[in-house]
Amino acid sequence: MPLQKRRIIIVGSGIFGTALAYQMASPQSEVVLIESGPGPACGVTGRAFGWINTVHGTPGSESYALWQNAVRDYPALIHDLPEILSFSRHGSLLWHASPEETDHLFTTRLNAGETVELVDHEAISRLEPHLRNVPELAVFSVDDIAVDPIRLAGTLLNAARARGAIVRFDETVSSIETKNGRIEGVRTSVGLVKADCVILAAGPGTNELAKQLGMDIGMAISPALLLRYACSTQFIRHILDGPRVEVRQNNGNAVIIAESWREDNPGDNPESIGDRFLSVLADEFDLPSPLSLISAEMGNRPTFPDGMPRCGFLPDVEGLYLIGGHPGLILAPYLARLAAREILRGEMPAHPLPSS
């Protein structure tokens, strides 16, 4: 359904919404992005670890091929928006409990076409001199990127505004308005905003808006914990993923840990887990300066049963588009580019994704 100079509303200013605004704002469109929070990435995007990689995918799967395309697309985004370099770093080291498991991981990734290197104890010590429990082997991925999710969303949004997009913060979308099976607009805390196309990019909030229209998009929530610690000194050079901790340090020296959320221990809460990881960090590193917990936040990642994101027009309402899924930070810039081509020019992607 190609749109020419038509009114497009994007709901949500997470990584999908901001990437879409950046890709779609042009003389051929009137783009309005509506966000209930005070700024970009107020929801799950702001609680993302920020690792652009394929290592957590399954080689040979449909989702893995999509991840590879998305990761390969990132250098073009950085070329177009070079300010991303000011809040990103390159390279990751990953190892398992035994050298044999790590070697198997390396072989699998190499055979999948990734740019990886198997590095030994001595090389790891050079790459990460403050690492105390240095493994015998690790997989080094020089092309992996660590990026600040909040600043990335803000950069995309600023670029979208420069292209003519309108951004409305602190405005909640309460319903999607339709007439005769077609999109009419959205109703917000301010009033009715008319549109020809509405794009649902609100993460978990998308589910509730779809339900109001009687749609079950099949979204589930996968909670994850993000821990941030203040530190005065840079002591971690790359993204590190070992048996005990997945950790990186940003350009402001904050230490960031990603941890899957488990509900089998009722005594756990985000803050207590954050306090426990202080001892893990002290075991794993020669800390040059003390750490203190800044925040321990839950992120409700939107997922779908088949492990694929959703990107496409929904069949029941003309002009209603859905985009989202996990891992959003990896996939969003690439999928937003494909979505813009479909919405603005009617170009179908070579490998269509499930839309509902």
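The values are calculated or read from the model by the stated rules, or taken from the named source; none is laboratory data. Please read all numbers here as calculations on a predicted model, not as lab measurements. Ideal geometry is used to build each Cβ from the backbone, glycine not excepted, and the neighbour counts take in all protein chains shown. Please note that ligands, DNA and RNA were not included when accessible areas were found on the heavy atoms of the full protein model with its side chains. Shrake-Rupley method; radii C 1.70, N 1.55, O 1.52, S 1.80 Å.
Name the shape class, rounded, prolate or oblate, that the alpha-carbon gyration tensor gives for the chain, where a ≥ b ≥ c are the square roots of its eigenvalues, rounded holds for a/c under 1.5, and otherwise prolate holds if a/b is larger than b/c and oblate otherwise.
prolate
Identify the GluC sites (Glu not before Pro) of segment 224-299 meeting these criteria: DSSP loop state and at most 11 other C-beta atoms within 10 Å of the C-beta.
Counting only loop positions with at most 11 other Cβ atoms within 10 Å, the GluC sites (Glu not before Pro) in segment 224-299 are GLU263.
Round to a whole angstrom and tell me the spacing of the C-alpha centers of segment 277-348 and segment 27-54.
9
Mind checking which of VAL186, THR58, PHE106 is farthest towards the positive end of the chain's charge dipole, using Cβ charges of +1 (Lys, Arg) and -1 (Asp, Glu) about the Cα centre?
Highest projection toward the positive end goes to VAL186.
Select from ALA162, ALA70, ALA254 the residue whose mean-square fluctuation is largest in a Gaussian network model of the chain (Cα-Cα springs shorter than 10 Å).
ALA162
What percent does the relative contact order of the chain come to when contacts are Cα pairs within less than 8 Å and at least six residues apart?
26
Length gain on complete extension for the stretch ASP286 to LEU192, per 0.36 nm per residue less the alpha carbon to alpha carbon distance?
Stretched fully, the ASP286-LEU192 segment lengthens by 28.1 nm.
Using a/c under 1.5 as the rounded threshold, could you call segment 158-203 rounded, prolate or oblate? The axes a ≥ b ≥ c are square roots of the C-alpha gyration tensor eigenvalues, and prolate needs a/b larger than b/c, oblate otherwise.
Prolate is the answer for segment 158-203, as a/c is 1.5 or above and a/b outweighs b/c.
Per residue, how much accessible area does the chain show when a 1.4 Å probe rolls over the protein heavy atoms, in square angstrom?
Using a 1.4 Å probe on heavy atoms only, each residue of the chain averages 43 Å².
Only Lys, Arg, Asp and Glu count, each charged at its Cβ (+1, +1, -1, -1), so figure out the dipole size of the chain about its Cα centre, rounded to 20 debye.
1560
THR107 accessible area, nearest 10 Å², 1.4 Å probe?
60
Could you give each residue of segment 66-78 its phi-based ³J(HN,Hα) in whole Hz, using Karplus coefficients 6.51, -1.76, 1.60 with θ = phi - 60°, and x for Gly or Pro?
5, 4, 4, 4, 5, 5, 5, 7, 4, x, 5, 5, 5
For LYS5, list the aspartates and glutamates whose Cα falls under 15 Å from its own Cα; do not include residues on the same chain fewer than 8 positions away.
GLU30, ASP196, GLU342
Counting helices only, and only those DSSP H runs with n ≥ 4, report the 222 nm mean residue ellipticity of the chain as the sum of -39,500 (n - 2.57) divided by its residues, in deg cm²/dmol to the nearest 500.
About -9500 deg cm²/dmol.
Quantify, in whole percent, the carbon and sulfur part of the accessible surface of the chain (1.4 Å probe; protein heavy atoms only).
Answer for the chain is 49 percent, counting heavy atoms of protein chains only.
Can you compute 3J(HN,Hα) from phi for each residue in segment 158-175, using the Karplus curve 6.51 cos²θ - 1.76 cosθ + 1.60 with θ = phi - 60°, rounded to whole Hz and x for Gly and Pro?
Those phi angles translate into 4, 5, 5, 4, 4, 8, x, 5, 9, 10, 10, 8, 6, 9, 8, 7, 8, 7 Hz.
Using alpha-carbon pairs under 8 Å, 6+ residues apart, how would you state the relative contact order of segment 166-215 in percent?
27
Expressed as a whole number of Å, what is the distance separating the alpha-carbon centroids of segment 151-165 and segment 84-134?
The distance from the Cα centre of segment 84-134 to that of segment 151-165 comes to 34 Å.
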